[in-house]
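Have a look at the structure below before the remarks.
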Amino acid sequence: MEISIDQIRNLMNDQSTEDLTQVVLEDSKTLEEYGIDSMGLVSLAFDLDDLAGIQLDDSALEKMRTFGDIKNLLISEGVTI
């Protein structure tokens, strides 16, 4: 499965209190800095599951703190970004 940065950005944008459509996503920036709260994080995880066709476990939520964490988690699940 292959997912683009734009697809991830769109999912993040859906859960964010900010407009991320023109933002350059930085690996080290926290999801909170992108306007995604804990409830948004849960929804984002479900959206990533659906998009990538994978099943992230509950521990994945603990690992998803930055944009880079999301990319690394998807890569570890066999997703090409």
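A few comments on the model shown:
- Angle in degrees between helix 5-15 and the longest Cα principal axis of the chain, rounded to the nearest 10: 60
- Under Karplus coefficients 6.51, -1.76 and 1.60, residue-wise ³J(HN,Hα) of region 68-76 in Hz, glycine/proline x: x, 4, 4, 4, 4, 5, 5, 4, 5
- Contact order normalised by residue count of the chain, Cα under 8 Å, 6+ apart, percent: 39
- For the chain, a Gaussian network of Cα nodes joined below 10 Å ranks Asp47, Asp57, Asp14 by mean-square fluctuation, and the top entry is Asp57.
- Length gained when the stretch Asn10-Thr80 is fully extended (0.36 nm per residue, less Cα-Cα span): 23.5 nm
- Rounded to the nearest 10 Å², the accessible area of Ser16 at probe 1.4 Å: 20
- Simple label model, 7 Å out from Cα along Cβ direction - Thr21 to Asp58, nm: 3.8
- Table column - 3J(HN,Hα) (Hz), region 38-43, Karplus curve with 6.51, -1.76, 1.60, x for Gly and Pro: 5, 5, x, 5, 4, 5
- Fraction of alpha-carbon pairs over 18 Å apart in the chain - percent: 30
The values are calculated or read from the model by the stated rules, or taken from the named source; none is laboratory data. Keep in mind the model is a prediction, meaning the values are calculated, not measured. When we count neighbours, we look across all protein chains shown, and the Cβ atoms used for this are built from the backbone with ideal geometry, even at glycine. For accessibility, only protein heavy atoms count, side chains too; no ligands or nucleic acids. Shrake-Rupley method; radii C 1.70, N 1.55, O 1.52, S 1.80 Å.
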